[in-house]
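Down below is the structure, laid out as structure tokens.
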Amino acid sequence: MNRLLALLGTSAALALPSLAFAAGVDSAGATKQATNLPAIIMFVVFVGITLGITWWAARRTKSAAAFYTAGGGITAGQNGLAIAGDYMSAASFLGITGLVYGSGYDGLIYSVGWLVGWPIVTFLVAEQLRNLGKFTFADVASFRLAQTPIRTLAACGSLVTVAFYLIAQMVGAGTLIQILFGLDYMYAVIIVGVLMIVYVTFGGMTATTWVQIIKACLLLGGATFMALMVLIKFGFSPEAMFRTAVDVHPKKLAIMGPGSLVSNPLDTISLGLALMFGTAGLPHILMRFFTVKDAKAARKSVFYATGFIGYFYILTFILGFGAITLVATNPEFVADLKNPIASIKGGSNMAVMHLSNAVGGEYFFGFIAAVAFATILAVVSGLALAGASAISHDLYASVFKAGKANEADEMRVSKMASVALGVLAVVLGIVFQKQNVAYMVGLAFAIAASCNFPVLLMSIFWKGMTTRGAVIGGFLGLISAVVMVILAPTVSCNVIAGLTGDALAACRKSTIMPFDNVAIFSMPIAFIGIWIFSLLDTSKRAQEDKDGFEAQYIRCQTGIGAAGASSH
Amino acid sequence: MSTVITRVRSNPKFAELVAKRNSLALSLTIAMLVIYFGFILLVAFAKGFLATPIGAGLMTWGVPIGLGTIVAAFVLTGYYVSRANAEFDTLTQEIVEETNR
């Protein structure tokens, strides 16, 4: 509930409350529930099946290509589902439905932002990545540039993005599981960490892909069923559903239009830029394009993914309104029927969970709780694999061993890196338990949009980019995004100073960096940095960088010479 | 490899492929930017319009416009993919065959 109040109360900024939904659940509002047996049984079944798949995948994961890309043998349809499974988080599922429950239309505004990055991925990077790269997006960025500096930059960009994304997911996961399953936060975080390590270390990309596919099917299936049940109650008339919702909701007609979500247009546009271009810079998403056999399959897979993700966000809107009509009217789910939105049991993130109980009973609730857990596992596994690849393929094999590492060593390093990342994720999840981590997903997107994306895009399309320009511009984007977020109102006033009340409001008005979303500044810094420092670069290396563009461009456009699928 | 580069470069179909694909990708990217940021600007500056009922019922203009933005993202992606699957892949195939001949 804290976040909803924050949403209503904070006129200063969009990002603090809204990003809380992205990041997951505010741990302060969570109360541990009684142990939920049906949920635990269904979750154990899910884990059993995925461990079986991991065992099967492990026997096929003998080469680096199998580990990083499942041998390139994933079909476009499978990859589309896996991308959707990689991207649709439990936080979106619970958070956006909770936002619709609390504010109605604002939830739709928010969910639109999470989809619009996908067309950009299709138009600008998906095919190009598949034609130029092998395992990581650094393969593409360093195609014609100097390996060591570019891979170092790409690995830094990837690891920082993954780290912030992962912390937010782990803290959200721990809190959520605590609410849904009645497990202790600490155990919840450890279970997520251990399963993630097992999937990634033993089953590599094959196991991760199948965990994501299964999760996507379960989530889409479960959400579809709930939406149908809601619509059936209203005879498939949205008008009837809106009528009941407006009657029930304390905000009445206001839920049918924009509320307080967008109070600062520039801040919102800045968030929009980060979401739009950051998606095309998320290492765990970009990595998925190497798992299919060619550029055509890569582009088809983003098309399918866009369809699944868009459909999912449309469902969240229906589910949120369904919760207003079915949850807010039921004393089983709300403490005070006179004030049902504020008094929902377990906080607004529980809206869709209560809805599952209302339309499908206790066992369906258990199923949806298990789906939420599975959703977290699929997302963190994708992140861990991307982080491990940056360490083993980019840093170890290409930087430390200068491209002379043998495959067995590289795979050993990637597995060690997966374990290390898993342990780190658990530790950070515990360290940040009581912290406000809401800004971290936004920061991850801002960094992806200000470091990974500019370097990738310019390396593909601009002949004039040199190694020096890319490194300086990329690091400028990365560092400026991080520094500006630290100076921004949410981190400097809420998180670091820990202010509340009037002191908080005063502090938020007086920060050097006025917006919580920094991409509107850090993206231009990166692009202009790349441009200027490439133009000024007259080194011998710069000439080699430009000379290499022709061959890269032809391969990028036609796929001649692209790494083929190494099926088993 | 260098002969491949020269052969592809000198093939007029390569210039055609690049020009067509890049211009489509650029125009669709701009279209998506305009649609999404147009929506955000409506939310910021035309709240009243989005909250206006379409007809006699409760459905406001904001609902189809918001859902339409999601659908537009999907349709634009689909349009790019269908053009690429048909037109660009055929051109690419011809370039590859003519290069290897």
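Laid out as a table, the results:
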quantity	calculated
Peptide A:553-562 - average C-beta neighbours from other chains (10 Å radius)	6
Rounded if a/c under 1.5, otherwise prolate or oblate - chain A, Cα gyration tensor axes	prolate
Long-range amide H partners of B:Thr60 with built H, under 5 Å	B:Ile54
Dipole in debye (nearest 20) - the range A:222-351, about Cα centre, beta carbon charges: Lys, Arg +1; Asp, Glu -1	360 debye
Surface/4 of the Cα convex hull for the range A:223-334, nm²	10.1 nm²
Three-way shape call for the range A:50-151 based on the alpha-carbon gyration tensor, with the a/c threshold at 1.5	oblate
Spatially proximal aspartates and glutamates relative to A:Lys509 (Cα-Cα < 19 Å; intrachain offsets below 8 disregarded)	A:Asp267
Charged-residue dipole, Cβ positions (Lys, Arg, Asp, Glu), the protein assembly as shown about Cα centre, Debye nearest 20	720 debye
Cβ-Cβ FRET estimate between A:Ser237 and B:Val34, R0 fixed at 25 Å, reported to 0.05	0.15
Among B:Leu17, B:Tyr36, B:Thr77 the positive-end extreme of the charge dipole of chain B (Cβ point charges)	B:Tyr36
Cα point-scatterer Debye curve for the range A:392-459, base-10 log of I(q)/I(0) at q = 0.15, 0.26 Å⁻¹	-0.78, -0.99
3J(HN,Hα) from dihedral phi, the range B:25-31, Karplus parametrisation 6.51/-1.76/1.60, rounded to Hz, x for glycine, proline	4, 5, 5, 5, 4, 5, 4
Charge sum, other residues only, whose C-beta stays under 12 Å from A:Ser260's C-beta, Lys/Arg counted +1 and Asp/Glu -1	+1
Residue-span extension gain [A:Lys251 to A:Val427] - 0.36 nm each, minus C-alpha spacing	59.2 nm
Label point distance in nm, A:Thr538-B:Tyr79, each placed 7 Å from Cα along Cα→Cβ	4.6 nm
Anchor A:Lys252: aspartates and glutamates whose Cα lies under 20 Å away (excluding residues fewer than 8 positions away in-chain)	A:Asp106, A:Glu239, A:Asp336
Highest average packing first - A:184-197, A:384-397, Cβ atoms within 10 Å	A:384-397, A:184-197
Links that overshoot a 20 Å alpha carbon limit, given the list A:Lys134/A:Lys415; A:Lys233/A:Lys338; A:Lys62/A:Lys296	A:Lys233/A:Lys338; A:Lys62/A:Lys296
Which of A:Tyr439, A:Ile460, A:Gly366, positive extreme of dipole for the range A:335-479 (C-beta unit charges)	A:Ile460
Full-extension gain in nm, A:Met416 to A:Cys217, via 0.36 nm per residue minus C-alpha separation	68.6 nm
Per-residue ³J(HN,Hα) for the range B:46-60, Karplus 6.51 cos²θ - 1.76 cosθ + 1.60, θ = phi - 60°, Hz, x for Gly and Pro	10, 3, x, 4, 5, 8, 7, x, 6, x, 7, x, 9, 4, 9
Whole-Å distance, taken between Cα centres, linking the range B:51-77 and the range A:258-327	17 Å
Modelled FRET efficiency - R0 41 Å, A:Glu362 with A:Lys509, Cβ distances, 0.05 increments	0.30
Anchor A:Lys434: lysines whose Cα lies under 20 Å away (excluding residues fewer than 8 positions away in-chain)	A:Lys32
Spin-label model distance (nm) - B:Ala56 vs A:Val194, 7 Å beyond Cα toward Cβ	6.3 nm
Other protein chain Cβ atoms within 10 Å, averaged over every residue that makes up B:58-71	6
Per-pair calculated FRET efficiency, R0 = 22 Å: A:Ala402 and B:Thr3 via Cβ, rounded to 0.05	0.15
Additional length obtainable on full extension of the chain from A:Leu337 to A:Ser63, 0.36 nm per residue less Cα span	92.7 nm
Which of A:Trp210, A:Trp118 has the fewest Cβ neighbours within 10 Å, and the rest in rising order	A:Trp210, A:Trp118
Extreme residue, positive dipole direction of chain A, given options A:Ser63, A:Tyr199, A:Thr490 (C-beta unit charges)	A:Ser63
For the range B:4-101: Kirkwood Rh in Å [reciprocal of mean 1/r, alpha carbons]	16.4 Å
Span-rule helices in chain A, defined as complete DSSP H runs reaching 20 Å or more along the axis (Cα) with Kyte mean at least 1.0	A:37-60, A:147-181, A:185-233, A:295-326, A:351-389, A:407-431, A:467-487, A:519-535
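No lab work stands behind these numbers, since they all come straight from the coordinates. Model, not experiment: these values are computed from the prediction. Cβ sites come from the backbone with ideal geometry, for glycine too, and all protein chains shown count toward neighbours.
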